[in-house]
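The values are calculated or read from the model by the stated rules, or taken from the named source; none is laboratory data. The structure displayed is predicted, hence computed values, not measured ones. No Cβ is skipped: glycine too gets one built from the backbone with ideal geometry, and neighbour counts run over all protein chains shown. Only protein heavy atoms, including side chains, enter the accessible area calculation; ligands, DNA and RNA are left aside. Shrake-Rupley method; radii C 1.70, N 1.55, O 1.52, S 1.80 Å.
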Protein chains: 2
Amino acid sequence: MRNIRMTIGYEGTRYAGWQIQPGAPTIQGVLEDRLTRILQEPVRLAGAGRTDAGVHALGQVANFSTECRIPLAGLRSGLNARLPEDIRILETAEAEPGFHARSWARGKEYRYTMVRAEVVSPFEAPRVMLLHGALDVPAMADAATRFEGRHDFTSFCPAATELDDKTRRIFTSRIEEDGDRLTYVVRGEGFLRHMVRTIVGTLVAVGRRRIGAADIASILAARDRRSAGPCAPARGLTLMRVEYDGERA
Amino acid sequence: MRNIRMTIGYEGTRYAGWQIQPGAPTIQGVLEDRLTRILQEPVRLAGAGRTDAGVHALGQVANFSTECRIPLAGLRSGLNARLPEDIRILETAEAEPGFHARSWARGKEYRYTMVRAEVVSPFEAPRVMLLHGALDVPAMADAATRFEGRHDFTSFCPAATELDDKTRRIFTSRIEEDGDRLTYVVRGEGFLRHMVRTIVGTLVAVGRRRIGAADIASILAARDRRSAGPCAPARGLTLMRVEYDGERA
């Protein structure tokens, strides 16, 4: 039995997220359909991250088992020829027998793109949140770094989230400024649902001076969703990379 | 009467080109529809370049006359709010009374993007031609410069093109190489239908060593469509800029 690992990119705009669900187009659903047709056997994919509706990826990872002998390069080109152009198989590789894209993941990197402009090129409009008005960027950058370390992120996920442990370790959390473009880059061992987008919504509230950078500690300590800022739109978020043992880039 | 000039960007993938036609979605058709609704009067747009189906733009220019008093910024934001996201109004401006986007144009710049890879990010896949196999890039670069100057481009437009004068002046024609990316940049006073794409198809044939760079002169002199290479796919082509007197960038 082979265990095949794929690195996948997608523009999530047209999809109801990664995870398969009835009656809605999903990345996993489209991929499993095309894989099943090519391999002529039912295929079930395990994806590293369940990206939400409208979220993009340049480095999603998924794996599946097969007895099929198709060469890796032929699998990639066959899939890319049959997939819609907003889903691309970037790499295929043979993985160790026990490899599981989700449970073996040791870290993920996300980027969230904001542009301070009235309008942005149609080439990137679907992947950007536009920001208008005054913005205190140094305060946002200060606030961003306060998420680094191990924290309880109860304030940054939906109140209904049923998980015993909402503690997550964040390796890097920073704002990069380049002209009218602000990118929030975050790397961590794992993320709760809506967590990155709620951090971004909170950072924008800091930029608007509705929240102070020094308030991040008390917002985390409150363990109350109402203490943080709003959840930023999905469109700005991209899953850049999934990290595994011995593979940190 | 105001004469309003707009700079427009679009990802052309979903459209049957710029020019309005019955039963097919076109950039001009969508824009006139939204303008007519916002201004509550019939609007007819004059566009600088009739881009073909699937061709993109970051600097298309169009103008229209109106007696409406809507402010420029409100027109832009109102249009962008109502337009599909793959068409964006980048600028609005008051133009001189006689300004006509097509007949006043003194030059245009196009770019054609080729990537030497098996697969490209889903974010730019719709705007790129993928190239596989060996490619003599210096020969392509040499061939590209041979289009500069004033030439009869009969060999580079469809045989059925009914125009008395197929002579056009090209200011700049060059290949830019950046890693696995090749960009063909061309600036000229005007272009025939399919001309840029047929130049690109011919440059790729030079890269494949099916045509020599030194053959460009005889292909131009042949004034026969069959002497040039194939018309490259629309997807790689973007109208970057339209130039007017006193505005050269």
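Annotations for the structure displayed:
- Model label zone, B:THR172; criterion: amide N under 16 Å from point 7 Å along Cα-to-beta-carbon; scope segment B:124-158: B:144-149
- Inter-copy label distances at B:THR66 (7 Å, Cα→Cβ; nm, one decimal): 5.3
- Inter-copy separations for A:ARG210, label at 7 Å along Cα-Cβ, nm, ascending: 5.9
- Hits among lysines - C-alpha to C-alpha of B:LYS166 under 19 Å, sequence gap 8 or more where chains match: B:LYS108
- Extension gain from A:ARG210 to A:VAL137, taking 0.36 nm per residue of separation minus the Cα-Cα distance: 25.0 nm
- Listed peptides A:200-210, B:135-145 appear in the order A:200-210, B:135-145 once ranked by packing, highest mean of other Cβ atoms within 10 Å at the front.
- Computed over segment A:112-151, Cα set: Rg, Dmax in Å: 13.3, 39
- Here is the interface size for B with A: some 1700 Å² of accessible area buried, both sides summed, with a 1.4 Å probe.
- GNM result for chain A, Cα springs below 10 Å: residue of A:GLU32, A:GLU124, A:GLU176 fluctuating most strongly: A:GLU124
- Segment B:98-249 shape via C-alpha gyration tensor axes, a/c threshold 1.5: oblate
- Computed over chain B with a Gaussian network model linking Cα atoms closer than 10 Å, the most mobile of B:GLY59, B:GLY29, B:GLY179 is B:GLY179.
- Protein-protein interface of segment A:83-100, residues with accessible area decrease of at least 30 Å², isolated chain reference, 1.4 Å probe: A:GLU85, A:ARG88, A:LEU90
- Environment charge of A:ARG197, counting only residues whose C-beta is closer than 13 Å and scoring Lys/Arg +1, Asp/Glu -1: +3
- Net charge of Cβ neighbours under 12 Å - reference B:PHE99; Lys, Arg +1; Asp, Glu -1: -1
- When a 1.4 Å probe is rolled over the protein heavy atoms, the share of accessible surface on the protein assembly as shown that falls to carbon and sulfur comes to 47 percent.
- C-alpha center-to-center spacing [segment B:14-86, segment A:215-249] in angstrom: 39
- Seen from B:ALA159, the other residues with C-beta closer than 12 Å to its C-beta sum to a net charge of +3, counting Lys and Arg as +1 and Asp and Glu as -1.
- Here B:PRO42 yields copy-to-copy label distances, from shortest upward, of 6.0 nm, the label point defined as 7 Å from Cα along Cα to C-beta.
- Rounded if a/c under 1.5, otherwise prolate or oblate - the protein assembly as shown, Cα gyration tensor axes: oblate
- A dipole drawn for chain A from +1 and -1 charges on Cβ atoms has a positive end, and of A:VAL185, A:THR145, A:TYR15 the residue lying farthest that way is A:TYR15.
- The sum of -39500 (n - 2.57) across all DSSP H runs of n ≥ 4, divided by the residue count of chain B, sets its helix-only mean residue ellipticity at 222 nm to -6500 deg cm²/dmol.
- Chain B Cβ-axis minimum, rotational copy A, residue and distance in Å: B:PHE123, 4
- As a calculated quantity, the FRET efficiency between B:GLU85 and A:ARG181 at R0 = 25 Å, using C-beta atoms, amounts to about 0.85.
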